[in-house]
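Structure first, then comments.
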Amino acid sequence: MTTLIGTLFRLMEGRAFPFYIRPFRNPLAPWKALLQAFGMELSLPDRSRAIHRWPEEPSRIQVFANEILGSLATRLVDQGRIRDARLRSAVRFLRRHPSKVLLEGLVPEWVQWLRQDYARIIPFAEELLSELGLLGDQLPNWLWAIHGLAVRTEDRVIQEACRRWIFGEPIDWSQAIRANLAVAPREQAMEALESDEELCRRHVENLLRLSKLSKPFLLAFDNADAWGAEPALAASAGDLLQALSEGPPVFVLLGARLPHWNTSVLPHWSEKQRSLLSAPFLLREIEKSEAAELLEARLSRLGRRRSAISPQWLESAYQNRSSLPPRALLLSVAVSWDQQQSADPNPSSIGTRWLFDAKLQWEISRPNLPFGWIVEWALLPLEPPADFAWQREEIRPFTLFCARRRQSEADLFLFPQPQARRTDERAFLSYLEKATDAAKADSRSFQPYGLVFEQEEPRALPSRNWTEQRSPGFSLLLLSAKEMLDLSAAVSLLFSFRHDPGLSSIEEEIHERAKGILASWRARLPIPDPAPPDRHRSESLSLPLIESIRDSIRAKQVLPLTALLQRLPRQVDREQALSAAATLSEVQIRTGPKGEPLFCWQS
């Protein structure tokens, strides 16, 4: 299903903004999870299959803002609200070339007008946005945030402030003032925390309304059957999809394993929610007569020379069956291919290679690593055993995710991302104090911890400061990059290889190995902070460096990491090579026969 979604995204390139959305784990905060997914997807470059941006390349949110400004200007000129001759001539160009006009500086007088006279159109633009359904006192903020992203591209402080405000993240007051955003210098102590989820919902719906001035949004929810992990989660997902159907226009696609979906999710939906679903589109199995052509096509896509698939491999895979699911076919043939083609006399198993490949894919996308999503599903997995020691803790009115484990003399509470947006410090400390008092009355101890990814530590340090100074205390557990990659691979593999009586021996091996990684990690919690790694300042990705890596891979078509590093004119480390290759949409990175990253050129 994931491959089908990727193919659909490529076909929709330039006609819609696609969003790949993983299943949320916290039933109290579905809108918060959706807004976070919007933030991650819109921060990507506006190119299919690209994970990182070229230097100075615009992101999707900048392209989105650019198209909104162009549409606003066109409508205001047509209505006679703007009579400036410079802008009227620019609008004629905007109608023919709506995309990236501002970002590429194609109409200098249009950019100059927006820098100098944009404030003049704010009242008229507010009326237009009100017609789209944007309500409340946040209309000026939306207009200035759009302006900052599309026009003030040289000012990274304004860019970051506008991005953070749109996606509901904490924002520094002084930076907000610089970006003309009306933000209170400090939120009130007792501001209703339950409004946090409502705030995220308003921002999501406003983004959907603004898409009427740009391109439509396509929301693809993959592995949606994971919502069946608990009844509250399935019910929350149903409420979310019903609200989306009743709100601004949006295209929604659900990808799920039908047996799990029918037994664990749909029973918790109302009749009205079920009626929103169209008939399922079932992925067909691969017929034996077409298997060889399919496999040869996949080999050529990976940069391999075209070669015939052995008939014995297909006979071994099908075993008197006329058709097979695509993954079962690929796994079976991969084993035979590995045994015959590997240059290593002792090749690693397919299960080991699959685990390495999952870690490699997360390592490539490390700057966009969904830390909270990974840890939430690592703490409370998709298919926990009957005697599972952890459970989700309901903490109202907070929308924070919390996992609880009852020990012999203590209750262990773990909060991923404790620096949640808009959560007031004093209110949260008040909750911790009440929980401590309740534990003492029961002759138990209360041990709260916040799980923080080492790359996000600077954003969590303010929480460390205020919690260490006041009772009852709140310790932070730092997860290293290596540990996060292990957890990420295990979680993604458990989604891919759900427990099923029909699993092959290879799939069962991968499933059990992923379960073991997560079980070992949970058994060691709370984990003390690891020793700080030796941080060397690596060279930032420059245009010449990316082009040098691109030319090296294109010349060889298939290039292992060690060979790539030897061909480069100066010393480049593994992280830089992976980040540069992830900028190139023509390059696919896979795990080689010896567990080494393999860069494949795709023309």
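Which one is modelled with the lowest pLDDT among residues in the range 338-348 that are part of a helix (DSSP H, G or I) and open to solvent by 60 Å² or more (accessible area, probe 1.4 Å)?
So the first thing to find is which residues in the range 338-348 are part of a helix (DSSP H, G or I), and the list is 338-341.
Remaining after also requiring open to solvent by 60 Å² or more (accessible area, probe 1.4 Å): 339-341.
Numbers: Q339: 64, Q340: 64, Q341: 59.
Per the criteria, the residue is Q341.
Could you list, in sequence order, all residues of the range 215-228 that are under 20 Å from the mean Cα position of the chain (by Cα) and either in a helix (DSSP H, G or I) or assigned by the TED database to the domain that holds I61 (or both)?
Selection gives A224, D225, A226, W227.
Which of the residues that make up the range 279-319 are in a helix (DSSP H, G or I), among the polar types (S, T, N, Q) and either modelled with pLDDT of 80 or more or open to solvent by 90 Å² or more (accessible area, probe 1.4 Å) (or both)? Before the answer, list the steps.
If we filter the range 279-319 for residues that are in a helix (DSSP H, G or I), which is where we start, we get 288-301, 311-318.
Then keep just the ones that are among the polar types (S, T, N, Q); that gives 289, 300, 312, 316.
Correct list: S289, Q312, S316.
So in the range 116-164, with the set limited to residues that are of a type in the set (V, I, T) and assigned to a helix (DSSP H, G or I), which one is farthest from I82 (Cα to Cα)? Can you show your working first?
Restricting attention to the range 116-164, the residues satisfying the condition of being of a type in the set (V, I, T) are 121-122, 146, 151, 153, 157-158.
Now drop any that are not assigned to a helix (DSSP H, G or I), which leaves 121-122, 146, 151, 157-158.
Values: I121: 8, I122: 11, I146: 19, V151: 19, V157: 30, I158: 26 Å.
It comes out as V157.
Scan the range 433-461 for residues that are modelled with pLDDT of 80 or more, surrounded by 15 or more Cβ atoms within 10 Å (Cβ to Cβ) and within 29 Å of L487 (Cα to Cα) and jot them down.
First pass over the range 433-461, keeping only residues modelled with pLDDT of 80 or more: 433-453.
Pick out the ones that are also surrounded by 15 or more Cβ atoms within 10 Å (Cβ to Cβ) and you get 435-436, 439, 444, 446-453.
The answer is F446, Q447, P448, Y449, G450, L451, V452, F453.
Count, please, the residues in the range 395-412 that happen to be in a strand (DSSP E or B), under 19 Å from A378 (Cβ atoms) and of a type in the set (A, V, I, L, M).
2
Filter the range 242-278 down to residues that are in a helix (DSSP H, G or I), closer than 27 Å to L493 by Cβ and open to solvent by less than 40 Å² (accessible area, probe 1.4 Å), then give me how many there are.
3
Which pairs have Cβ atoms under 7 Å, sit 6 or more apart or on different chains, and link a residue in the range 499-521 that is closer than 14 Å to A489 by Cα to one that is among the acidic types (D, E)?
From residues that are closer than 14 Å to A489 by Cα, the pairs are I517/D486.
So which residues in the range 411-432 are surrounded by fewer than 18 Cβ atoms within 10 Å (Cβ to Cβ), modelled with pLDDT of 70 or more and touching a helix residue (DSSP H, G or I) at 6+ places or on another chain (Cβ under 8 Å)?
L429 - this is the single residue of the range 411-432 that is surrounded by fewer than 18 Cβ atoms within 10 Å (Cβ to Cβ), modelled with pLDDT of 70 or more and touching a helix residue (DSSP H, G or I) at 6+ places or on another chain (Cβ under 8 Å).
Within the group R550, R535, R524, which residue is loosely packed, with under 15 Cβ neighbours inside 10 Å, at pLDDT 85 or above and basic (K, R)?
Working: R550 fails: loosely packed, with under 15 Cβ neighbours inside 10 Å; R535 fails: at pLDDT 85 or above.
Within the list R550, R535, R524, the selection yields R524.
The values are calculated or read from the model by the stated rules, or taken from the named source; none is laboratory data. No experiment lies behind these values; they were computed from the predicted model shown. Backbone-built Cβ (ideal geometry, glycine too); neighbour counts: all protein chains shown. What goes into the accessible areas is simple: the full protein's heavy atoms, side chains included, and nothing from ligands, DNA or RNA. Shrake-Rupley method; radii C 1.70, N 1.55, O 1.52, S 1.80 Å.
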